[in-house]
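> Dumping the structure here so I can ask a few things about it.
Derivation of every value follows stated rules applied to the coordinates shown; laboratory data play no part. Everything quoted here is computed from the prediction, not taken from an experiment. For neighbour counting, all protein chains shown are included, and Cβ atoms are generated from backbone atoms with ideal geometry for every residue, glycine included.
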Amino acid sequence: AATGETDVPDAVPEFISQRRRWLNGAFFAAVYSLLHFRQIWSTDHTIARKILLHIEFVYQFVSLLFTFFSLGNFYLTFYFVAGSLADPKLDPFGHHLGQYIFYLLKYCCVLLIMMQFVLSMGNRPQGAKKMFFASMVTFGVIMAYTTFAALWIVVKQLTNKEDLKLGNNLFTNMIVSCLSTFGLYFLMSFLYLDPWHMFTSSAQYFALLPSYICTLQVYAFCNAHDVTWGTKGDNVINKDLGAAKSSTKTGTVELEMPSEQLDIDSGYDEALRNLRDRVEVPAPGTGEAQQQEDYYRAVRTYVVIVWVACNAVLAMVISEVYSGTHVRDNFYLKFILWSVAGVALFRAVGSGTFMVIGVVHSVAEGKLKYENREKKGTGLGGGVRKTGGGWGSKVGGGLPGWISSSGSWVSSKVSTWTPSSIGSTLGR
């Protein structure tokens, strides 16, 4: 499996600029791959591998759909989960404080989302870093209150014996969603023997989830016209002012000035003629670079308009159909919770498949090494095969180099029913 390294941004402006490049690249690359998925049938892959790749395309389509509507889904999830505490039966504070807090956070959420578009449509992260940072902090508070509301609903369901049953009810929906979000992450981290990040940094990342959607995604789409990749720390646009070229070794620049009387007189006459006749200066035409920049900005505008319109219509329609204080019969909330569970389970299955394939390769590798040692010990020929690491290297994200070898018997057998990379692909 391939591995990559990246520089961790140490400030909010660098973080926003980095994610702008990544989010736009990943989004439009996914759109392109889904629009041309039929080309996979013109390749030399086996039928089984093509079927597995089509399953991956279905997963990529679902992920792309949720990414496109992530802004509306975030607001609706906050609206229904946090709004449920406005119900006097679920209000943990009493005296209608849950209702007041919900109204305050709801208006803050809407204003913050609007502010992200204003900040992103013409401001550099380095120039508005305080406002971006304040927005991310406020989104973290909203996420913390939403998480508290979800946990409070589960606790209330646990204390009520009538609601404490599995089935088509709010208790089951919340439990399944929480277990798929937190439980599967912990499970796969322990299976890969790397659980420490779940204890040291998972809370920070969960608090940043709204910022990933409302700040980073908005900034990325609002700057889709910027196709430059950029360099970390290089945020200054340098304009070329030209350079004077010297023709001597001493660095002296020589300029040609009119010295003949004829040149001076002709220049004076031309200036008088321009003043007398008012010769119209032709307007400079639009250059090719400017036309290309206008095209990129137009595409950016269309993308932002379509994206905002789709998410706004979704949020307005669903919030009008279902009440914010009654979540028991909310079909949309059930759909979101179970969709999150299904996508997380699918990723866990892919990650587990990748780990199983790594274990199988490790066992086969050990068997081949043992057989080669036996042949060497009995004098039948052969040598010790140079191989990669053991099972620990598989769970660390790497596979032995002998897998890609054309002479490997195990690789040829495994490749007849599934690609060795399908586990890592589905696990992303």
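> With a/c under 1.5 counting as rounded, go ahead and sort region 296-354 into rounded, prolate or oblate using the C-alpha gyration tensor (a ≥ b ≥ c being the square roots of the eigenvalues; past the cut-off, prolate if a/b is larger than b/c, else oblate).
Taking the square roots of the gyration eigenvalues as a ≥ b ≥ c, region 296-354 is oblate.
> Turning to a different aspect of this structure: Hey, got the Cα dimensions of region 95-146 along the principal axes, in Å, largest first?
44, 16, 13
> I've got another one for you. Return the sequence-ordered ³J(HN,Hα) values of region 53-64 in whole Hz as given by the Karplus equation 6.51 cos²θ - 1.76 cosθ + 1.60 applied to θ = phi - 60°, using x for Gly and Pro.
Taking θ as phi minus 60°, the curve returns 5, 5, 4, 5, 4, 4, 5, 5, 5, 5, 5, 5 Hz for region 53-64.
> At 0.36 nm per residue, minus the direct Cα-Cα distance, what do ALA309 and PHE133 gain on full extension? Give it in nm, one decimal, please.
Gain on stretching ALA309 to PHE133: 60.7 nm.
> With charges only on Cβ, +1 for K and R and -1 for D and E, what is the dipole size of region 90-162 about its Cα centre, in debye, rounded to 20?
280
> Using a 10 Å cut-off on Cβ atoms, rank the peptides 353-366, 180-193 from the highest mean neighbour count down.
Top of the packing list down: 353-366, 180-193.
> Moving to a separate point now. I'd like the projected area of region 1-160, averaged over all directions, using the convex hull of its alpha carbons. Report it in nm² with one decimal.
For the Cα atoms of region 1-160, the hull's average projected area reads 14.4 nm².
> Turning to a different aspect of this structure: Quick one: which of 313-323, 81-91 comes out on top by average Cβ neighbours within 10 Å, and what's the full order, highest first?
With the highest mean Cβ count within 10 Å placed first, the list reads 81-91, 313-323.
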